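Here is the structure we will look at.
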């Protein structure tokens, strides 16, 4: 299986964020990069834990003031993902996540 990767910024806690790559694996999202302070950061999110997905185009959910993909997790957490390459990738990620989970998410 070919693993798709994207250059992203992400945050799973408040305003702190990390920059690196997002891999769409067979069973989970895998983030690998470094935090704002340069600390290595790896985060894995199984697709089964993603309860819903939406794109935040305005408001406080945005990362660096740009449109952000927001994953609502079944455990109550939230993960925000921003694109380094441009906002069009967010729509592509929503579609790919929907296919991987067997669901259709609105963009």
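The values are calculated or read from the model by the stated rules, or taken from the named source; none is laboratory data. It should be emphasised that the depicted structure is a prediction, and the values quoted were computed from it without experimental measurement. Note: ideal-geometry Cβ built from the backbone for every residue, glycine included; neighbour counts use all protein chains shown.
Do you know which residues across the range 27-36 are in a strand (DSSP E or B) and out of contact with any helix residue (DSSP H, G or I) (no Cβ under 9 Å at 6 or more places or on another chain)? Across the range 27-36, the qualifying residues are 30, 31, 32, 33, 34, 35.
Yes or no: the range 51-61 includes at least one residue that is at pLDDT 90 or above and over 14 Å from the mean Cα position of the chain (by Cα). No; the residues of the range 51-61 include none that is at pLDDT 90 or above and over 14 Å from the mean Cα position of the chain (by Cα).
For the range 73-81, indicate whether the set of residues that are within 20 Å of residue 36 (Cβ to Cβ) and touching a helix residue (DSSP H, G or I) at 6+ places or on another chain (Cβ under 6 Å) is non-empty. No: the range 73-81 contains no residue that is within 20 Å of residue 36 (Cβ to Cβ) and touching a helix residue (DSSP H, G or I) at 6+ places or on another chain (Cβ under 6 Å).
Considering only residues that are outside any loop (DSSP other than H, G, I, E, B), closer than 27 Å to residue 103 by Cβ and modelled with pLDDT under 90, look in the range 12-26 and name the one that is nearest to the chain's Cα centre (by Cα).
We begin by selecting, within the range 12-26, every residue outside any loop (DSSP other than H, G, I, E, B); these are 12-13, 16-24.
Filter again for closer than 27 Å to residue 103 by Cβ, leaving 12-13, 17-18, 20-24.
Still in the list and also modelled with pLDDT under 90: 12-13, 17.
Working: 12: 9, 13: 13, 17: 12 Å.
Only one residue tops the list, namely 12.
Remark: pairs (first residue in the range 3-20, in contact (Cβ under 8 Å) with a residue 12 or more places away in the chain and on the phi > 0 side of the Ramachandran plot; second residue part of a strand (DSSP E or B) and surrounded by fewer than 12 Cβ atoms within 10 Å (Cβ to Cβ); Cβ separation under 6 Å; 6+ apart in sequence or on different chains) are absent.
Within the range 37-96, the set of residues being without any contact (Cβ under 8 Å) to a residue 24 or more places away in the chain, surrounded by fewer than 12 Cβ atoms within 10 Å (Cβ to Cβ), touching a strand residue (DSSP E or B) at 6+ places or on another chain (Cβ under 9 Å) and not in a loop (DSSP other than H, G, I, E, B) comprises 40, 42.
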